[in-house]
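K.L.:
The structure is given below, and queries will be raised subsequently.
The values are calculated or read from the model by the stated rules, or taken from the named source; none is laboratory data. These numbers come from a predicted model, not from an experiment. So basically every Cβ, Gly included, is an ideal-geometry build from the backbone, and we count neighbours across all protein chains shown. SASA here: full protein model, heavy atoms, side chains in, ligands and nucleic acids out. Shrake-Rupley method; radii C 1.70, N 1.55, O 1.52, S 1.80 Å.
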Amino acid sequence: MSMSTVLSTLRRAGCQKLSASAIVPRRSTGSHLLRIPEFTKARNTVKPGEAVRSSTFAVGGQDWRMCCYPNGNWWSEEEHVALSWEHAGQKWPPHIIQHVQFSILDQAMKPSYTRASEEDIHYARTWGAYADFISHEDLYKGNYLMDDCLTVLCDLTVVVTGTDDRVEVPWPPAPFNLQGQLTEAIWNRERPDVQLLVGGETLAAHRWVLEARSPVFKTDLSLASTATTGEDGATVELRVDDMDADEFKALLQFIYTDSTTLLDAPITAEKLLVAADKYELEKLKLMCEEELCRHIGMSSVASCLALAERHRCPVLREACMRFLSSAGNLAETIMAMQMDGFGQLKKDCSSALLELVVKRMVKLEK
């Protein structure tokens, strides 16, 4: 069972503020190149048992050095080149296992002679198992020296067993008022896995909720790109360019809670109606229609009727038609149309105007 599964289970059980750590091995591999120009001169200068050392290099958070003994690191091996490595720190780190490989590189910088450790090494500050890395005779006969330069590559793997300290990153907060324990439980069921880029903000949401509530979101998310992939799974990124952040937060609030708090202003209700129609949220669309119906007047009826025609809003359309059909309003509408004051009506609502004219004619005939 993964750490994320354990944490998700504990969160659902009521533990919301969690951190975690694990005792795990961490593997790190690094390489270091050592070149010794005029190797023959070094061999004639350095005594048996003496080493020339590389500069330090870091692997696994620790500093190391390569050691080359031109005349062996033991008197019994003075006819050989010996290679070893050593830990360069002041204190030997515990629980370290190493695997090491030394390679002589040719002129093309490819390994021409290689020896590697056959088993892991525990708790050793210096390892000298290559006391007989290569004999002087083989070194010269094998043409391993290029212009009397010895080039050796050390590949070192360090495995440190210790505490993998981690502070659990808190889940992104809901971008809306959760409004009760049920919605809070839904939000905390699992980590949000969708990033919605809206109006310069990044809003978090759950894919399963969006897909369950809106078939349009389901299609959009199937085509969206993956932003990140971690042990909690993949996070999908979806950009929304036709809404601002506050309006989209109101949309998310409805998706999670079946209610929204931003319908008081007609302009907001109009924008949410457009969004509800886009994402096929019929209940929210009806709520927006009903809110707009309460604000119909001579200054707004043309835009409301045009909105109802574009987005197939029967409740709003019927309310606009009733308003325009009343005796005083109809006369004022006809006068405004004659003065081209209702140009939007004539352009976007021709069917509605035809219906009004027919109703007017029927009333005159009676």
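K.L.:
Mind checking which residues of the range 65-90 are modelled with pLDDT of 90 or more and under 49 Å from the mean Cα position of the chain (by Cα)?
P.N.:
Those that are modelled with pLDDT of 90 or more and under 49 Å from the mean Cα position of the chain (by Cα): R65, M66, C67, C68, A82, L83.
K.L.:
Go through (1) closer than 16 Å to F176 by Cβ; (2) of a type in the set (V, I, T); (3) assigned to a helix (DSSP H, G or I) one by one and return the number of the condition V216 breaks.
P.N.:
(1)
K.L.:
Just give me the residues in the range 278-295 being within 13 Å of V315 (Cβ to Cβ) and of a type in the set (D, E, K, R), in sequence order.
P.N.:
Within the range 278-295, E282, K283, K285, E289, E290, E291, R294 qualify.
K.L.:
If you take the residues of the range 1-34 that are charged (D, E, K, R) and at pLDDT 65 or above, which of them is most open to solvent (accessible area, probe 1.4 Å)?
P.N.:
Here the residue is R27.
K.L.:
Could you check how many residues of the range 283-302 are in a helix (DSSP H, G or I), in contact with a helix residue (DSSP H, G or I) (Cβ under 7 Å, 6 or more places away or on another chain) and of a type outside the set (A, V, I, L, M, F, W, C)?
P.N.:
Residues flagged as in a helix (DSSP H, G or I), in contact with a helix residue (DSSP H, G or I) (Cβ under 7 Å, 6 or more places away or on another chain) and of a type outside the set (A, V, I, L, M, F, W, C) within the range 283-302 amount to 4.
K.L.:
Where the second residue is open to solvent by less than 80 Å² (accessible area, probe 1.4 Å) and assigned to a helix (DSSP H, G or I) and the first is modelled with pLDDT of 95 or more and of a type in the set (G, A, S) and lies in the range 208-236, which pairs have Cβ atoms under 6 Å and are six or more apart or on separate chains?
P.N.:
So the pair list comes out empty.
K.L.:
Restricting attention to the range 287-310, and to residues there that are polar (S, T, N, Q) and open to solvent by 30 Å² or more (accessible area, probe 1.4 Å), which single residue is modelled with the lowest pLDDT?
P.N.:
It comes out as S299.
K.L.:
Failed condition for A116, given (1) under 24 Å from R27 (Cβ atoms); (2) modelled with pLDDT of 85 or more; (3) open to solvent by 70 Å² or more (accessible area, probe 1.4 Å), with all others met?
P.N.:
(3)
K.L.:
Separate question: Across the range 37-57, which residue is least open to solvent (accessible area, probe 1.4 Å) among those that are under 17 Å from S135 (Cβ atoms) and assigned to a helix (DSSP H, G or I)?
P.N.:
F39
K.L.:
Evaluate the range 264-286: report whether one residue or more is modelled with pLDDT under 90, closer than 27 Å to A185 by Cβ and buried (at least 18 other Cβ atoms within 10 Å of the Cβ).
P.N.:
No, the range 264-286 has no match at all.
K.L.:
Among the residues of the range 261-276, are any over 30 Å from S326 (Cα atoms) and either among the hydroxyl-bearing types (S, T, Y) or not in a helix (DSSP H, G or I) (or both)?
P.N.:
yes
K.L.:
Another one. Among the residues of the range 178-196, are any open to solvent by 70 Å² or more (accessible area, probe 1.4 Å), outside any helix (DSSP H, G or I), at pLDDT 70 or above and over 30 Å from T56 (Cβ atoms)?
P.N.:
yes
K.L.:
Starting from the range 193-205, take each residue that is β-branched (V, I, T) and list its partners that are surrounded by 22 or more Cβ atoms within 10 Å (Cβ to Cβ), counting only C-beta distances under 8 angstrom and pairs at least six apart or across chains.
P.N.:
Pairs found: V194/A205; V194/L210; V198/F248; T202/L196.
K.L.:
So which of R27, R65 ends up being in contact with a strand residue (DSSP E or B) (Cβ under 8 Å, 6 or more places away or on another chain) and free of Cβ contacts under 8 Å to residues at least 40 places away in the same chain?
P.N.:
After ruling out the rest, the residue left standing is R65.
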